[in-house]
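Report on the following structure.
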Amino acid sequence: MSAPVMVASENGRRGMMAAMARLREGGSALDAVELACRIVEDDPDDHSVGYGGLPNVLGEVELDASIMDGATLRAGAVAAVQGYGRAITLARRVMEETPHVLIVARGAERLASELGETPQDQRTEEALRRWRERYDERGLTPGSTENLRNVARTLTRPLNLQDKIYKAARVDTLGTVNFIALDTHGNLASAVSTSGLGWKYPGRVGDSPLIGAGNYCDNRYGAAACTGMGELAIRVSTARSLVLYLKCGMTLRDAGREALRDLLALDAGAGQYMNIVAMTPDGEVAGFTTVPGKQYLYQRDDMVEPQLADRWMVE
Ligand code: GLY
C-alpha cells in the first residue's frame, strides 16, 4: 500500500481536492487524474483549458489533451478538437478503445460523436470578449483571413515586451493544467489538458497532447508534465527527458534542473517560458520553471487541502 500523493499546476486546486478523495477511497491514479482534469476543463472561469478556453486567431476553441498510465506505458491523446469538451476523457478513450495514441481534429471529433458525446460550443462570452479585446488593443479587425500567420504572430506576442514580459504571456495567451497522481496500489498516472496558445494559428498543436514533450509517466522512474510555451517542450522532449534523467540515477531536483537547462539552451522568444511538475515512484514531488515567481500545487495523504510551493529554477 502506498499513501496517495498528487502534484499539479497552480490552477488545479478544485480538481486535486476531488481526485485526492477518490485516491483515498482506493481509486486508481488514472481515474484520479482524469477526474481532476475534467473539473478544470468544465470550469468556464479557467480560460486556459476546456470550456471557456481562449480561441485561436479565427475565434475557434481547439482543445488538446493527453493521459498516460505509468503501470503499462499506455497513452492516449487528442489534438485540435473543436465542438466537444472534456478532451481528457476523449484522450483516455483513444488509449482504451483504439489501437492508436493520438487522434486529431476531424478524426477526434468523429470519435467523440461515435462514443455518444454531446457536441457543445466551447466558447463563452467572456472568452470571446477577451479574444476581441486583444484585436482591439493591437488595432486589428477579426475576420480578415489574409496573411493569417502575421495576425497570429502579432496577437500571440505580449503587447509591451518590457513591462509585461512574463505577466502578459501568462495571463493572456498561455495556460494548461497538469496532474500527476500516485495511488494506493503504487501506480502513477499523468494527465494534461489545454486550449493551447490563445490566438494561435488554426491547427497549431502544443506539447500537451504529445507524449514525451508535455506528458510522460513510468511507474519505474517517475512522471513529468508541462505548462508554458509548448514549442519549447516539443523541441527538447521535456517530460520524457526529465524521466530519463531520473532513470539515469539523478535526484528529482537534479533531473528537473537538467530538463530546465535543455530548455534554457533554446532561443526562446520574449514571454516564452516553460514549467514542469514531476513525481518519483515513492511520491516525492517538485515543480520547476524557467522564469521567476511560479508555483505549483501538491497534496499528500496527511494534508487537508492542496498547498502551493515555489518552483525551482536553475541556479
Ligand atoms: N503548453 C500548452 C501549449 O503550448 O499548448
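Can you tell me the relative contact order of the stretch 73-124? Whole percent, Cα pairs under 8 Å, sequence separation 6 or more.
Worked out over the stretch 73-124, it gives 44 percent.
If Glu41, Glu146, Glu284 are ordered by their accessible area, calculated over protein heavy atoms with a 1.4 Å probe, which sequence runs from highest to lowest? Walk me through the numbers on the way to the answer.
On the way: Glu41 5, Glu146 145, Glu284 85 Å².
Sorted descending by solvent-accessible area, the residues read Glu146, Glu284, Glu41.
Roughly how much of Glu231 is accessible, in Å² to the nearest 10, using a 1.4 Å probe?
Result for Glu231: roughly 60 Å² accessible.
Give me the orientation-averaged projected area of the Cα convex hull of the stretch 1-50, in nm², one decimal.
3.3 nm²
Calculated from DSSP H runs of 4 or more alone, at -39500 (n - 2.57) each and per residue, what is the 222 nm mean residue ellipticity of the chain, nearest 500?
Details: 9 runs with 98 residues, N = 315.
It comes out at -9500 deg cm²/dmol, rounded to the nearest 500.
Using the Cα gyration tensor of the stretch 1-100, with a ≥ b ≥ c the square roots of its eigenvalues, what is the shape: rounded (a/c below 1.5), prolate (a/b larger than b/c) or oblate (neither)?
Values: a/c = 2.72, a/b = 1.38, b/c = 1.98.
Note, shape of the stretch 1-100 comes out oblate.
For His185, His100, His47, what's the largest-to-smallest order of accessible area, 1.4 Å probe?
His185, His100, His47
Tilt of helix 125-137 relative to the longest C-alpha principal axis of the chain, in degrees (0 to 90, nearest 10)?
50 degrees
Could you state the angle between the C-alpha long axis of helix 13-24 and the longest principal axis of the C-alpha atoms of the chain, as a value from 0 to 90 degrees rounded to the nearest 10?
Roughly 30 degrees between the two axes.
What is the P(r) of the chain, as percent of Cα-Cα pairs per 20 Å bin from 0?
37, 57, 6
Answer rounded, prolate or oblate for the stretch 209-315, using the Cα gyration tensor with square roots of eigenvalues a ≥ b ≥ c: rounded when a/c is under 1.5, else prolate when a/b is larger than b/c, else oblate.
It comes out oblate by the Cα gyration axes.
Report, for the chain, the % of DSSP beta bridges that are antiparallel, rounded to 5.
Roughly 90 percent of the DSSP beta bridges within the chain come out antiparallel.
Compute the helix-to-body angle for 29-41: its Cα long axis versus the longest principal axis of the chain, expressed 0 to 90° and rounded to tens.
Long axis of 29-41 versus the principal axis of the chain: about 30 degrees.
What FRET efficiency would be calculated for the residue pair Met1, Asp254, taking the C-beta separation as r and a Förster radius of 30 Å, to the nearest 0.05?
According to the calculation, E is roughly 0.55.
Using a Debye calculation, one point per C-alpha and no hydration shell, please list log10 I(q)/I(0) for the stretch 209-249 at q = 0.21, 0.23, 0.25, 0.33 Å⁻¹ in order.
-0.54, -0.63, -0.72, -1.07
The values are calculated or read from the model by the stated rules, or taken from the named source; none is laboratory data. Source: prediction; values computed, not measured. Neighbour counts are summed over all protein chains in view; Cβ atoms, including those assigned to glycine, are modelled from backbone coordinates with ideal geometry. Calculation scope for accessible area: heavy atoms of the full protein, side chains included, ligands and nucleic acids excluded. Shrake-Rupley method; radii C 1.70, N 1.55, O 1.52, S 1.80 Å.
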